[in-house]
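Peer 1: For reference, the structure I am asking about is given below.
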Amino acid sequence: MTEAVIDLKDVSLTLGHGASAVHVLKGVSLSVTAGEATGIVGPSGSGKSTLLMVLAGLEGVDAGTVRIAGELLNGKTEDQIAAFRGRNVGIVFQSFHLIPNMTALENVAVPLELAGHRDAFAVAERELAAVGLADRVTHYPGELSGGEQQRVAIARALAPEPRILIADEPTGNLDQATGRQIADLLFAKAKERGMTLVLVTHDPALAARCTRQVAMRSGRIEAEPSLAVVSA
């Protein structure tokens with residue numbers, strides 16, 4: 001039986017308090033097998049990005065169980081979850097989230113250094129070369145195009161060799177041609193390294209490249225609109 005690397009059961013989450021409280025996730029259950037590419041789709045405010053944050057351990061839950069890469073996240077301390085995430089989950093955001101006063105090399109090396117990798121800069125240089133930025137390692141984010149910044153972010157996410165790669169609207173801030181290149185890179189790297197890929201997107205063409213699509217609406221998983229496999 002294929003291993004479930006992501007296993008959520010009846011997860012609920014409310015953000016805010018009192019009159020401003022919003023019930024963001026409502027009894028969400030989701031199982032994703034190792035190596036699968038899953039696209040999370042749905043209208044704005046449906047809970048897609050919050051679901052990704054739960055998968056990454058960046059948001060706790062009020063009810064239900066969250067088991068990622070075989071480990072139950074419920075009950076872990078923030079430090080324990082941070083250490084777990086550093087080993088198992090790479091994250092790519094829409095807005096890159098690079099540190100502006102650090103070079104591309106330093107941006108990729110920082111999480112490795114924090115995790116205690118002795119070869120952090122050598123690994124960072126290798127990962128930047130793997131995403132086509134061997135000649136941009138000393139450049140700062142402000143000196144890079146949007147596509148190049150997202151490549152740095154992907155290199156940073158890949159560097160710890162995580163089992164799971166999470167991407168939240170990874171092409172949202174890019175033009176169509178650059179977005180396609182970034183999508184190609186994400187799918188290629190996930191396949192090459194046998195990683196499980198989970199991405200949120202409003203782009204139907206990007207979602208269709210996943211082996212599976214999961215639709216959300218009003219905090220619930222509504223349906224899986226297609227199971228068509230499209231070669232990356």
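Peer 1: Quick one: in segment 135-162, which of the residues that are of a type in the set (G, A, S) and part of a helix (DSSP H, G or I) is farthest from D175 (Cα to Cα)?
Peer 2: Selected residue: A157.
Peer 1: Also: Out of L58, L13, L25, which single residue is free of Cβ contacts under 8 Å to residues at least 40 places away in the same chain and under 24 Å from T201 (Cβ atoms)?
Peer 2: L58
Peer 1: Checking S145 against (1) more than 19 Å from G57 (Cα to Cα); (2) surrounded by 20 or more Cβ atoms within 10 Å (Cβ to Cβ); (3) touching a Ser or Thr at 6+ places or on another chain (Cβ under 8 Å), which test does it fail?
Peer 2: Result: S145 passes all but (2).
Peer 1: Further question on the same structure: Evaluate the following for A207: is it in contact with a strand residue (DSSP E or B) (Cβ under 6 Å, 6 or more places away or on another chain), within 29 Å of A82 (Cβ to Cβ) and in contact (Cβ under 8 Å) with a residue 40 or more places away in the chain?
Peer 2: No: the conditions fail for A207.
Peer 1: Modelled with pLDDT under 95 and out of contact with any Gly (no Cβ under 8 Å at 6 or more places or on another chain): does that describe V229?
Peer 2: Yes: the conditions hold for V229.
Peer 1: On the basis of being in contact with a strand residue (DSSP E or B) (Cβ under 7 Å, 6 or more places away or on another chain), of a type in the set (S, T, N, Q), closer than 30 Å to I221 by Cβ and touching a residue at least 40 places away in the same chain (Cβ under 8 Å), does S49 make the cut?
Peer 2: yes
Peer 1: Would you pick out the residues in segment 114-134 that are open to solvent by 50 Å² or more (accessible area, probe 1.4 Å), within 20 Å of F93 (Cβ to Cβ) and either part of a helix (DSSP H, G or I) or at pLDDT below 95 (or both)?
Peer 2: Listed by number, the residues that qualify are L114, A115.
Peer 1: Just for segment 172-209: of the residues that are polar (S, T, N, Q) and closer than 20 Å to G45 by Cβ, which one is least open to solvent (accessible area, probe 1.4 Å)?
Peer 2: T201
Peer 1: What number of residues in segment 160-184 are in contact with a strand residue (DSSP E or B) (Cβ under 8 Å, 6 or more places away or on another chain) and either closer than 13 Å to N88 by Cβ or of a type in the set (A, V, I, L, M) (or both)?
Peer 2: Residues in segment 160-184 being in contact with a strand residue (DSSP E or B) (Cβ under 8 Å, 6 or more places away or on another chain) and either closer than 13 Å to N88 by Cβ or of a type in the set (A, V, I, L, M) (or both): 7 in total.
Peer 1: From the list A120, A153, A129, A124, which one is free of Cβ contacts under 8 Å to residues at least 40 places away in the same chain and either out of contact with any helix residue (DSSP H, G or I) (no Cβ under 6 Å at 6 or more places or on another chain) or among the acidic types (D, E) (or both)?
Peer 2: A129
The values are calculated or read from the model by the stated rules, or taken from the named source; none is laboratory data. What you see is a predicted model, and the numbers here were worked out from it, not measured in a lab. For neighbour counting, all protein chains shown are included, and Cβ atoms are generated from backbone atoms with ideal geometry for every residue, glycine included. In case anyone asks, the SASA skips ligands and DNA or RNA and just uses the protein heavy atoms, side chains included. Shrake-Rupley method; radii C 1.70, N 1.55, O 1.52, S 1.80 Å.
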